[in-house]
Structure formats: structure tokens, C-alpha cells
Amino acid sequence: MQIDKLRGKQLDQLFDAVLSLQTREECYQFFDDIATMNEIHSISQRLQVAKMLMEGQTYSKIETETKASTATISRVRRCIDYGSGGYDVVLNRIAKED
């Protein structure tokens, strides 16, 4: 499984830091410090692409609404189909909160 390649002390520390955040404002503060605006935009764009794919939206509509390239959309599609299930977990949880 690919996820095993990720495991390590530094990444554990990052994930522990993210899990320690308690409010949306803390998330804004942390991510503003730790990542560039382009990195944050790319991650949030991929999450939106995943949401739209899981809703059955077309590549054309996703490309128009998110400004994501077809390569990014295809990469996210592969992660949904063959990845570790992370998008599914997160999107199902936030859907329950809405």
C-alpha cells in the first residue's frame, strides 16, 4: 500500500499538529504559516474536484468551476478509484456536518 511510503516521524508530527487544531481560525493561522497560498489553493482545489467527481459532475463542469486542469481532475479520479480512501472519509464526514 502506498500509504506506508508516507509514514515517518516528520509526517507524524505534521499530522499531530493538524489534529491539534480546534477551530477554523486556528487552521487559517497554521496553514498561513506553514504553506504558500498556491499550496493551500492546490489542496483545496483537489478537495473540491473530489467532491464534484463523487457527485457525478462532468470533467468539463469541474474544469470550469474549479479551474483545475484535466490532469489534476484525472489524478484526483485515480485517487478516488484506487487510493487509500481519504477523500471518501473526509467528504462523508463534512457532508454529515452540513
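No value in this document is a laboratory result; all are computed from the given coordinates. Here the structure is a predicted model, which means the values were calculated and not measured. Please note: Cβ atoms are built from the backbone with ideal geometry, for glycine as well, and neighbour counts cover all protein chains shown.
Numbers below:
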| read-out | value |
| --- | --- |
| Cα→Cβ-extended label distance, 7 Å offset, between residue 23 and residue 39, nm | 2.5 nm |
| Shape category assigned to region 58-98 from the gyration tensor of Cα positions, a/c cut at 1.5 | oblate |
| Sum of side-chain charges, residue 72 neighbourhood, beta-carbon under 12 Å (Lys, Arg +1; Asp, Glu -1) | +4 |
| Segment residue 93-residue 15, length gained on full extension (0.36 nm per residue, minus Cα span) | 26.3 nm |
| Long-range tail of P(r) for the chain (Cα pairs > 17 Å, %) | 61 percent |
| All lysines inside 24 Å of residue 61 as judged from Cα atoms, apart from same-chain residues fewer than 8 positions distant | 51 |
